[in-house]
Structures are given as structure tokens and as C-alpha cells.
Amino acid sequence: NMKDENSMSTAENIAKCIWKTDEFGKPNKDQLKIDSDVSSDDDKEEFLSILKTGQIQPKQASRYARVFRFFQDKINEFLSQYPSYFAYLPTRIMQNCILLPIEAESQDTALRIFSTLNDRGKPLSDTDIFKAQFYKFYSNQNRKDEFIDRWKKLEALCGEIFPSQYGSPMDELFTRYMYYERARQGIRNTTTEALRKFYEKDDYKLLRDNEVLGRLEDLAQFWENVALQDETVFSERVLKQLGVLRFAPNGMWTYLLSVYYLQNKDDNGLLDDKKLYEFLNTITLFIWAYAIMRPGVNALRIPAYPEMIHIVNNVPVQFSNNKFDKESLLTALRNFEFTNGRLITKSMLAWWMYHNQKQEIISDETNLEVEHIYSKKRQENDGGISRSDLESLGNKALLEKTINIRAADYKFGDKIKYYKGHTTSSGKVKAGTMNAELLDIAKTHTDFAKQDILNRKELIINSFVAALKKAGLIS
């Protein structure tokens, strides 16, 4: 009986910790002492259900449910191993654990306190900070629920469109948006501030603006359309330009295009096709040529940042102060080592592939690799061409990975069937390449050797320089 009384007393004490009590000291299970006020807590209902009922349903899979199950298992384990000590466990916890309430005078102070206390836990991301600022801003307008709904959708969308290598997908969206605001402020400084440093200026004034969340939503939707290669939004020629930019040697184009989109979108979030095509063509050719003349994304900031300012002032992007000298560019292209380890190699091959009028749009999901038309194995065995010829731009093309693996070690005559596609002896159909130029080469050549490589290299280089001249990028 004494044990039963002790158990009842302990249960009552636990109940008083969880629920508010009436004037007679009895707990009211409809009035919890604890609640979750996190702006995007999808699991809140499960949390409250567990606290109210003390039970967990098999279908519940939230973090709260997982933690509850963990402690249930550990408590049962303790009970089976140390039954005589079990009655002391809850009492010892209640008598020896202290809850320390911390009240902050502002949200900023609360965030600083959390970061300090949590220095060994998961750090707050930049996006966590921005979300808190937005939450405060919209709560002050009695629009908290609207914000929570919009934020959840934006967060989910960013998770789908920005690859995991970017870290926090939302941070990538805020980075792309930052360049638009930098341009509007006329910032030319090539030393770009850290994301949080940029937004925290003047007590996060930038995020205390009703239009900003809408712009972020529009920008995310635009990049989803790009990721989906949406034919209802973009013309075929624009999709081809975006297909080339997929292989850009650096990410500067995403910032230039984000600024361009936010400045030029109409009320439906759409862009003028002709102007967009010309813009994409210009930045592609410039970035490609600049990567050869002055490698490194940091060098590209010098001409790119002023152009962002031009964009927000509706001045055409022409890179007027950074045009290329034709002869210097030709010399650089002819002497450049287009090794597979250099990103610009794939960039040039992608530009050349889509330069072909016959080329159809290839899905972004297709894994394209660098193909040596005159194979490495052949060069090792017969020595018909030099190593520099083998690695020449004239000997390389983009080819689907599945075909690249099959065609890798063969003489050109043996490769033709892989380029064209064929049926195996067992009757299995192997699809050919979507690279229109390789299909043409397979139809018109019985061999592809040194002179073919030299001719093709000159054709690619001269075509590239001619395109730059037509775009007004040659001085």
C-alpha cells in the first residue's frame, strides 16, 4: 500500500509539471504548461497529443514521437533490470533537475543567447535567422499564419530545386536575391559580404518589407521553371541557352540571371523571350571567353557586378569596358589545354553541341561525359597522334555516360554503331546518342584521325570567336 501511495504521489507531482491545476490542485489535461510556438513546426499536433494522452500511436512518426518511444524503451529497460529502484527514478529527476527560464528583451537577444548556449549543438543557419525576422515582421501585422503557410511552401520548393551541394537550399535562394539588392544599392565592391552580414544591416531593414517575401517566391518559382526545362514558360532557343549554362565554369550566371529576372519579369512572372535569349547568349559567350582569358570566378566579379547595376537601371548588358581582342582570344583558345579536369572544357563542348542547329534539347537529368572521339586506348596502342592532339578540343564531345562507357576503348569504325545505336545479338535495342554532331560524324566518316581533329578544333574556335563578334563582345 505504501508503494501504491508513493506511486500515486509521484504521478500527481508529474501531472502538476505538465498541466495547469485548478484551485484544488487537480491537473486539467486541457491546459498544458508547455507549448510549441515554432513558426514552422509541422509536428506540433503530435507533440500536444502525446502530452495530453500520455500515449503514442503506431502511425505517429514525428521527432516528438521518436523521442517519446526512446524514453519509453529506456524506462522499461531500467524497470526490468532494477525493479526495486524504479520508484526512485521519477522522484530523483524532479528533485534534482532544474529548469532555468530565460526571458529575452528582444528576438535578436534571444537568438544570441540560443547561439551561445547551443555552441555544441546544431548551429542556426542564416535562413533560421531570416525566418525569425520575417516571423516577427508578419506577426506584428497579425499575419503570422499567412507567413507560416508561405514559408513552408517556399522551403519545400527550394529543397526541390537547389542541389544538396549548396548546403541549405534556402541560403542559396537568399544568396541569389542578395545580388539583386546589391545592384539596386549600386554596390560594385568585389568583396562580397557574408550572407548574414548583408541582410542584418540596419536591424534587418531589408527583411522588413512586404515585397521581399513575394520577390523570393517569384525567384524560386523562376528557378523551378529552369530546373523543369518548362516548355510552357521558355522557348526552345532559350531552353538551349539554359542547357549550355548548365555546364557553366562557375555560378556567376545564376546571379546575373536572378537580377535580370527580378528586374524584367512582368505581372505574371514571365520574361520577354527575345530579350531573354539575347541576354543569355551575351552572358554565356562573355563568361566562357573570360574563363579562358582570366580563369577564376573571383576575376569575373570585376566585370559582372557593374553589369548587375546596369540591369536594374534597364541598361543593356554589353560588357562595354571588357571587350576581347580578337587575335589575343584566338591565340589563347588555340594554346589553351582543354583537359577534362578543367570545367571550361565541358562548358565549351556544351556550347558547341547546342551551336548545331540540328541539336535537340537534352534533359538536365541526362549524365553527359567528355568523349574522346579518337580514343585513349587507340592513342596508347598505335601512337598515330600526340597526347596534345588526343586532349584537343577538336577530339572531344559530350556523350551520354551509358554510351561513353561502351564506346570508350574502340577504334572509330567500331564506335559508329554506339553513336548511332544498335541491336545486340540477343535482340536488345541500345539507343544512340542525342548529340547531333556525333551522329553526323558517324554518318559521314569511316575514320576520325589527326587531320579531322585539327580541322574540328579550328572550326569550334573560329565559330566561337565569330559568335562573340556577332554579340558585340569583340573590340
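The values are calculated or read from the model by the stated rules, or taken from the named source; none is laboratory data. Predicted, not measured: the structure shown is a model, and the values here were computed from it. Cβ coordinates were reconstructed from backbone atoms using ideal geometry, including for glycine residues, and neighbour counts include every protein chain displayed. Please note that ligands, DNA and RNA were not included when accessible areas were found on the heavy atoms of the full protein model with its side chains. Shrake-Rupley method; radii C 1.70, N 1.55, O 1.52, S 1.80 Å.
The heavy atoms of R63 offer some 140 square angstrom of accessible surface to a 1.4 angstrom probe.
Could you tell me which label, among (i) 66, 63, 52; (ii) 100, 62, 38; (iii) 67, 58, 47, carries the value of Cα extents along the principal axes in Å calculated for this structure? Computed from the coordinates, Cα extents along the principal axes in Å corresponds to (ii). Annotation: extensible slack from Q31 through T91 equals 19.3 nm (criterion: 0.36 nm per residue apart, minus Cα-Cα distance). In terms of the mean number of neighbouring beta-carbon atoms within 10 Å, the peptides 256-264, 373-381 order highest first as 256-264, 373-381. Each of the peptides 196-202, 66-72, 279-285 was scored by the mean count of other Cβ atoms within 10 Å over its residues; in descending order, highest first, they stand as 279-285, 196-202, 66-72. Under 5 Å from the amide H of A397 lie the amide H atoms of E371, I373, each residue being 5 or more positions distant or on a separate chain, with H modelled from the backbone and absent for Pro and chain starts.
Just check the stretch 343-475 against the gyration tensor rule for me: Cα atoms, a ≥ b ≥ c as the square roots of the eigenvalues, rounded for a/c under 1.5, and otherwise prolate or oblate depending on whether a/b exceeds b/c. It is oblate, given that a/c is not under 1.5 and a/b is not larger than b/c.
Relative to one another, the C-alpha centroids of the stretch 401-464 and the stretch 253-269 are positioned 39 Å apart.
Across the chain, C-alpha contacts under 8 Å between residues 6 or more apart give a mean separation that, scaled by the residue count, equals a relative contact order of 11 percent. Checking the cross-link pairs K59/K153; K396/K430; K29/K74; K376/K457 against a 20 Å limit on the alpha carbon distance flags K59/K153; K396/K430; K29/K74 as lying beyond it. The accessible-area ordering, largest first, of the residues R112, R406 stands as R112, R406, per a 1.4 angstrom probe. Calculated [222 nm] ellipticity per residue, helices only, for the chain: -18500 deg cm²/dmol; basis is -39500 (n - 2.57) per DSSP H run with n ≥ 4, divided by all residues, nearest 500. For the listed peptides 439-452, 12-25, a ranking on the average number of other beta carbons within 10 Å per residue, highest first, reads 439-452, 12-25.
Across the stretch 384-399, rounded Karplus estimates of 3J(HN,Hα) from the backbone phi angles (6.51 cos²θ - 1.76 cosθ + 1.60, θ = phi - 60°) give x, 10, 7, 5, 5, 5, 4, 8, 5, 4, x, 10, 10, 7, 7, 9 Hz, Gly and Pro being marked x. Using θ = phi - 60° in the Karplus curve 6.51 cos²θ - 1.76 cosθ + 1.60, the 3J(HN,Hα) couplings for the stretch 178-183 round to 4, 5, 5, 5, 4, 5 Hz; x is entered for Gly and Pro.
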